[in-house]
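Readers should treat all values here as calculations from the given coordinates under stated rules, not as data from a laboratory. Remember, predicted model here, so these are calculated numbers, not experimental data. Cβ atoms come from the backbone with ideal geometry, glycine included; neighbour counts cover every protein chain shown.
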Amino acid sequence: MCLASASALQGLAEVHWHNVDTEVLTILKWLILSPLNTTMPLTPSLWHRRCRHHNLVDIAKMQKDALVTEMTFASSHKSDIVCEPCLAGKMHSNPFPSSPSCSTKPLELVHSDLHVPLPVATHEGYRYWITFLDDATSYQAAMRLKTKGQAL
């Protein structure tokens, strides 16, 4: 199945999309064109973020060995970046202190968590989800939500 064909016109690529859903088309265009449409300098730090926070040694190797098309660095200096999301992901946290009391009746104590919105809505339009955990029975449930206000 061919989703797209491309042709070069004066050094620019012209993409022709075939039989692609509009929502999928928007995502595909963003994935393909976003590396080319940036006002930020193309630094190893930017490529680190684009490659889902992959390590800098491999990022440099991908660029050096030309493993990724159009992967260039604006400057040749070796950057030693400090990536806050990477640091936060590597941090350890202490567990919550255990509670001396436990509920004995169903629905006496229910834990709930509203999760952050998905970057792209589902086909039905859902972007959030909420989870429930009954403390006495350990019964779990999850619901999909279209808006954050539906959690009330």
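Starting from the 7 Å offset along Cα-to-Cβ, what nm value, one decimal, do you get for the label separation of residue 146 and residue 124?
So the two model labels end up 1.1 nm from each other.
Considering only 82, 141, 99, whose Cα is most displaced toward the positive end of the charge dipole of region 51-152, charges sitting on Cβ of Lys, Arg (+1) and Asp, Glu (-1)?
82
Would you work out the Kirkwood radius for region 110-151? I mean one over the mean of 1/r across all pairs of different Cα atoms, in Å. Intermediate results must be reported in sequence, preceding the final value.
Numbers: mean 1/r = 0.0920 Å⁻¹.
After inverting the pairwise mean of 1/r, the radius is 10.9 Å.
With Rg and the Kirkwood Rh both taken from Cα atoms, where does Rg over Rh land for region 77-152?
Details: Rg = 18.5 Å, Rh = 16.0 Å.
We get a ratio of 1.15 for region 77-152.
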